[in-house]
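Visitor: Here you go, one structure.
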Amino acid sequence: MSKSLKLFLGISYIVILSAFLYFIFTYIEMSRLDDFSYYKQLQINLEKIISTNLYLNLLIFFIFCIVWVSLLGFGSPLLLFSGILFGKWLGTFISVLSISIGALILYLIANFFFRDLVFHMFKDKFSKYIYFFKKNEFNYFFAFRLAGGLGIPFGLQNILPVIFDIKKSNYFFASFLGFIPMFFIWNTIGSGLNQYIKQADSFSFINLILSKEVYLPIILFAGLMALSLLIKKKIFSSKIE
């Protein structure tokens with residue numbers, strides 16, 4: 001990989017991160033973070049912004065997610081924000097689609113520029129997976145995504161399949177379908193948090209957890225984590241021993 005490309009990618013990531021942090025710290029009054037009424041006002045302002053031009057805001061969020069994920073950005077906060085901004089259904093759809101595209105772009109970048117490095121770092125550790133992925137790469141990668149990436153950091157999850165040389169179509173659709181359960185849960189939590197702020201007069205962590213908009217997705221999240229451990233044990237762990 002050329003130094004100029006490394007410099008370009010590094011500067012691009014820093015610019016995007018800086019712009020995001022600048023927006024957060026200029027829009028949010030840090031001195032009022034302990035004031036619940038401030039969160040209610042933020043919620044009202046955000047709803048006005050989104051409702052004013054829903055499609056434009058969806059497009060902005062869509063593009064931001066693609067760029068953010070393709071530059072190794074983390075995913076979970078995006079899912080909460082999409083649930084808060086767009087609700088659980090629309091938020092799930094826009095986040096699944098945009099993050100799947102961003103992950104595919106990152107995979108293509110890694111496969112083109114960092115293939116030798118990824119092989120050097122991970123091939124020995126995951127060599128016993130290669131045979132099984134070659135037999136049915138879609139099903140195994142779908143299970144990998146469904147299992148939350150086996151606890152591997154999100155950016156690394158998107159790069160690791162380089163050693164399996166997964167087809168682009170299988171990578172995208174296995175990611176898209178495998179993301180849906182977990183992304184829906186995170187978006188539902190974000191939507192529930194938004195509803196709680198809208199309805200409550202004061203903040204209570206107990207009341208937040210006990211609201212059905214929050215505790216139901218948390219229960220689903222725990223169930224999905226259990227499923228993730230089962231998938232890891234039954235499908236992956238047995239292949240790597």
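Visitor: Do any residues in segment 52-80 that are on the phi < 0 side of the Ramachandran plot have Cβ atoms under 7 Å from those of residues that are in a loop (DSSP other than H, G, I, E, B) and modelled with pLDDT under 85, where the two are at least six apart or on different chains, and which pairs are they?
Guide: VAL69/GLY75
Visitor: So which residues in segment 95-114 are without any contact (Cβ under 8 Å) to a residue 60 or more places away in the chain and within 11 Å of the chain's Cα centre (by Cα), if there are any at all?
Guide: Passing the criteria: SER98, GLY102.
Visitor: Which number in (1) closer than 30 Å to GLN43 by Cβ; (2) in a helix (DSSP H, G or I); (3) touching a helix residue (DSSP H, G or I) at 6+ places or on another chain (Cβ under 7 Å) marks the one condition that TRP89 misses?
Guide: Result: TRP89 fails condition (3) only.
Visitor: What do you reckon, is ILE84 within 27 Å of LEU156 (Cβ to Cβ), surrounded by fewer than 15 Cβ atoms within 10 Å (Cβ to Cβ), modelled with pLDDT of 85 or more and not acidic (Asp, Glu)?
Guide: no
Visitor: For segment 70-81, what are the residues that are in a helix (DSSP H, G or I), surrounded by fewer than 22 Cβ atoms within 10 Å (Cβ to Cβ) and touching a Phe, Trp or Tyr at 6+ places or on another chain (Cβ under 9 Å)?
Guide: Of everything in segment 70-81, those that are in a helix (DSSP H, G or I), surrounded by fewer than 22 Cβ atoms within 10 Å (Cβ to Cβ) and touching a Phe, Trp or Tyr at 6+ places or on another chain (Cβ under 9 Å) turn out to be SER76, LEU80, PHE81.
Visitor: May I ask you to list pairs of residues, at least six apart or on different chains, whose Cβ atoms are under 7 Å apart, with the first in segment 141-160 being in a helix (DSSP H, G or I) and the second being among the hydroxyl-bearing types (Ser, Thr, Tyr)?
Guide: PHE141/TYR171; ARG145/SER175; GLY148/SER228; ASN158/TYR107; ILE159/TYR107
Visitor: Test VAL96 against the criterion of being in a helix (DSSP H, G or I), more than 19 Å from LEU216 (Cα to Cα) and at pLDDT below 90, and give yes or no.
Guide: No.
Let's see how each residue does on (1) surrounded by 22 or more Cβ atoms within 10 Å (Cβ to Cβ); (2) farther than 20 Å from PHE64 by Cβ; (3) out of contact with any strand residue (DSSP E or B) (no Cβ under 6 Å at 6 or more places or on another chain); (4) among the hydroxyl-bearing types (Ser, Thr, Tyr):
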site: THR92; (1), (2), (3), (4): yes, no, yes, yes
site: VAL96; (1), (2), (3), (4): yes, no, yes, no
site: PHE112; (1), (2), (3), (4): no, yes, yes, no
site: PHE119; (1), (2), (3), (4): no, yes, yes, no
site: PHE144; (1), (2), (3), (4): yes, yes, yes, no
site: GLY149; (1), (2), (3), (4): no, yes, yes, no
site: ILE180; (1), (2), (3), (4): no, yes, yes, no
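Visitor: I would also like to ask the following. Looking at (1) in contact with a Leu (Cβ under 6 Å, 6 or more places away or on another chain); (2) surrounded by fewer than 19 Cβ atoms within 10 Å (Cβ to Cβ); (3) of a type outside the set (S, T, N, Q), which one does ILE185 not meet, given that it meets all the others?
Guide: (2)
Visitor: With respect to LEU42, determine if the residue is modelled with pLDDT of 65 or more, part of a helix (DSSP H, G or I) and farther than 20 Å from GLY102 by Cα.
Guide: Against the criterion (modelled with pLDDT of 65 or more, part of a helix (DSSP H, G or I) and farther than 20 Å from GLY102 by Cα), LEU42 qualifies.
Let's see how each residue does on (1) under 23 Å from ILE197 (Cα atoms); (2) modelled with pLDDT of 90 or more; (3) of a type outside the set (A, V, I, L, M, F, W, C):
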position	(1), (2), (3)
ILE63	no, yes, no
VAL69	no, no, no
GLY73	no, no, yes
GLY91	yes, yes, yes
ALA103	no, yes, no
ALA110	no, no, no
ARG115	no, no, yes
PHE119	no, no, no
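Visitor: Going through segment 185-239 one residue at a time, which ones are at pLDDT below 75, in contact with a Phe, Trp or Tyr (Cβ under 7 Å, 6 or more places away or on another chain) and part of a helix (DSSP H, G or I)?
Guide: LEU208, ILE209, GLU213, VAL214, LYS239
The values are calculated or read from the model by the stated rules, or taken from the named source; none is laboratory data. Remember, it's a predicted structure, so these values are computed and weren't measured experimentally. Ideal geometry is used to build each Cβ from the backbone, glycine not excepted, and the neighbour counts take in all protein chains shown.
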